[in-house]
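See below for the structure under consideration.
What follows draws every value from the coordinates through simple rules; no lab data is involved. All values reported here derive from a predicted model rather than from experimental measurement. So basically every Cβ, Gly included, is an ideal-geometry build from the backbone, and we count neighbours across all protein chains shown.
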2 protein chains.
Amino acid sequence: MSGWVKIVGLGPGAESMITPEVTAALDQATDVVGYVPYVERVAPREGLTRHGSDNREEIRRAEAALRMAHEGRRVVVVSSGDPGVFAMASAVFEALEAGDAAWRALDIQVLPGISAMLAASARAGAPLGHDFCCINLSDNLKPWALIEKRLRLAAEADFAMAFYNPRSKSRPVGFERTLDVLREACEPERVIIFARAVSTPNESIRVTTLGEATPDMADMRTLVIVGSRQTRLIERSGAPLVYTPRSAS
Amino acid sequence: MSGWVKIVGLGPGAESMITPEVTAALDQATDVVGYVPYVERVAPREGLTRHGSDNREEIRRAEAALRMAHEGRRVVVVSSGDPGVFAMASAVFEALEAGDAAWRALDIQVLPGISAMLAASARAGAPLGHDFCCINLSDNLKPWALIEKRLRLAAEADFAMAFYNPRSKSRPVGFERTLDVLREACEPERVIIFARAVSTPNESIRVTTLGEATPDMADMRTLVIVGSRQTRLIERSGAPLVYTPRSAS
């Protein structure tokens, strides 16, 4: 039996957003590796070992996955959303580059998933319908000054922006600073969307403006989208639709 | 019978990347609307009318979809990849905003898909594993000067970059200019990936550098990814893996 690693995306939460190729990989796996709440999204079955670990354990988890595949096991590394967007794919490749040279001969594939930003955008309308950027607001792995520089340049470029990891208990002030930077660079009417736990029973979508936004509207389960200068609302009964037109001047 | 519109993403090409919720929407539809080659990806069946149109017909197609739903039909608007990224969702909302006020009461949903950029990134490794931006290189709906400004600011921000619509017969020079701008702003060793027809029988992935890249490496079916300064190659037998580490300085 020859082992492999498939680094897969489980999508934002709903089963109906998991692609058939990811489901097939999970059906063939002997081992599933990932952050505890994501591993728990995979149903237990005979012949499958689920290895849940803490979210600060990414490199150790990646090494374990590569080692098991090298021993002949069929290992699925799970992320929520897409594995290539601030998730496990880069961690596995960091471990691969630094690790046992024999691991490079392994069959390693990345299977994309519905990313949180695309799921959030779909629920709100189409706020990412024109040029946009995607920034991880956590300063655990990069200096805050770099985040702030990127925010200012993104505003100058008039990108719509999708923010991952806006706020956590251990980083209570970063998102407040983010809002301050954006308020300096953008008009107060700029649209901002707080999309929490999209496609789960706890989903909430809140559409407001930079002028009205407060830091407590975001937590670690929130994907934040800031519109460009062109982003528009369509009012109707219920929540407005938010979209960015295809054209710009 | 009450009508609805679902604006769905068919993913980059492979059936195995179409989400179950999109498949279910297609199973319930009375009408499928879209660009001819995308409509042809939906199998014909009794009770389903397929309306293929030219790719310059987006607004007329969107109006037709809304009109049919208002008449009680169940209409699926198809895009390849994700419908919210340079695709039909924004076109439908433009038509909705400008059209018959009664259309605003319609049940309209966007169902996300695996976008071309995420599929291309997965095939190459994880080049979008850190902060990145996504730019449509077509100047049909925006001035070239704005594209160039965004390219320069994206390079200054050290975003990885995903480019849609890099080159077509009617726009032969834009991508050459794009490469010129990037060569001024980035070092010649910067990684660039040409991912064509990902997940189809014609798939090709080419990894090179800005210094070696030529305009003819891209066409309308190519998704181009330019790495950040941090993007790395892992050499192994066969194509190298390309990834951007999670950390930056």
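Write down the radius of gyration of region B:4-114 and its Dmax, each obtained from C-alpha positions, in Å.
12.5, 38
Fewest Cβ neighbours within 10 Å first, please rank A:K6, A:K142 accordingly.
So the ranking, lowest neighbour count to highest, is A:K142, A:K6.
Can you give me the Cα centroid spacing of region B:9-60 and region B:170-236 in angstrom?
Using only Cα atoms to place each centre, the spacing works out to 29 Å.
Enter the per residue convex hull volume of the protein assembly as shown, computed from alpha-carbon coordinates, in Å³ rounded to the nearest integer.
Taking the convex hull of the Cα positions in the protein assembly as shown, it is 144 Å³ per residue.
I need A:F194, B:F93 ordered by Cβ neighbour count within 10 Å, fewest first.
Placing the least packed residue first, the sequence is A:F194, B:F93.
In chain B, which Cys residues have no partner Cys with a Cβ closer than 4.7 Å?
So far as the 4.7 Å Cβ criterion goes, B:C134, B:C186 stand without a partner in chain B.
Select the chain B residue whose beta carbon lies nearest to the rotation axis carrying chain B onto chain A, and write the distance in whole Å.
Nearest Cβ to the rotation axis, residue and whole-Å distance: B:C133, 2.
Which percentage, to the nearest 5, of the DSSP beta bridges contained in the protein assembly as shown is antiparallel?
Close to 45 percent.
Please report, in debye to the nearest 20, how large the charge dipole of the protein assembly as shown is about its Cα centre when each Lys and Arg carries +1 at its beta carbon and each Asp and Glu carries -1 there.
Once rounded to the nearest 20, the dipole reads 40 debye.
Hey, rough spin-label estimate for A:E176 and B:A145, points 7 angstrom out along Cα→Cβ, what's it come to in nanometres?
For the pair A:E176/B:A145, the computed spacing is 4.1 nm.
Quick one: if the Förster radius is 22 Å, what FRET efficiency do B:S247 and A:A185 give, using the C-beta to C-beta distance and rounding to 0.05?
0.30
Rounding to the nearest 20 debye, state how big the charge dipole of chain B is about its Cα centre with +1 on each Lys and Arg Cβ and -1 on each Asp and Glu Cβ.
The dipole of chain B has a size of about 200 debye.
Label 7 Å along Cα→Cβ of B:R206; region B:142-178 residues with amide nitrogen under 15 Å?
Zone members listed by number: B:166-168, B:175-176.
Convex hull over the alpha-carbon atoms of region A:3-48: what's its volume per residue in Å³?
79
List the distances, in nm to one decimal, from the label point of B:D219 to the label points of the same position in every other copy, shortest first, placing each label point 7 Å from Cα along the Cα-to-Cβ direction.
For B:D219, the other copies' label points sit at 5.1 nm, shortest first.
Using only alpha-carbon positions, what ratio does the radius of gyration of chain A give when scaled by 2.2 N^0.38 Å?
It is 1.09.
Remind me, what semi-axes does region A:117-243 give for its equivalent ellipsoid, largest first in whole Å, using sqrt of 5 times each Cα gyration tensor eigenvalue?
21, 17, 13
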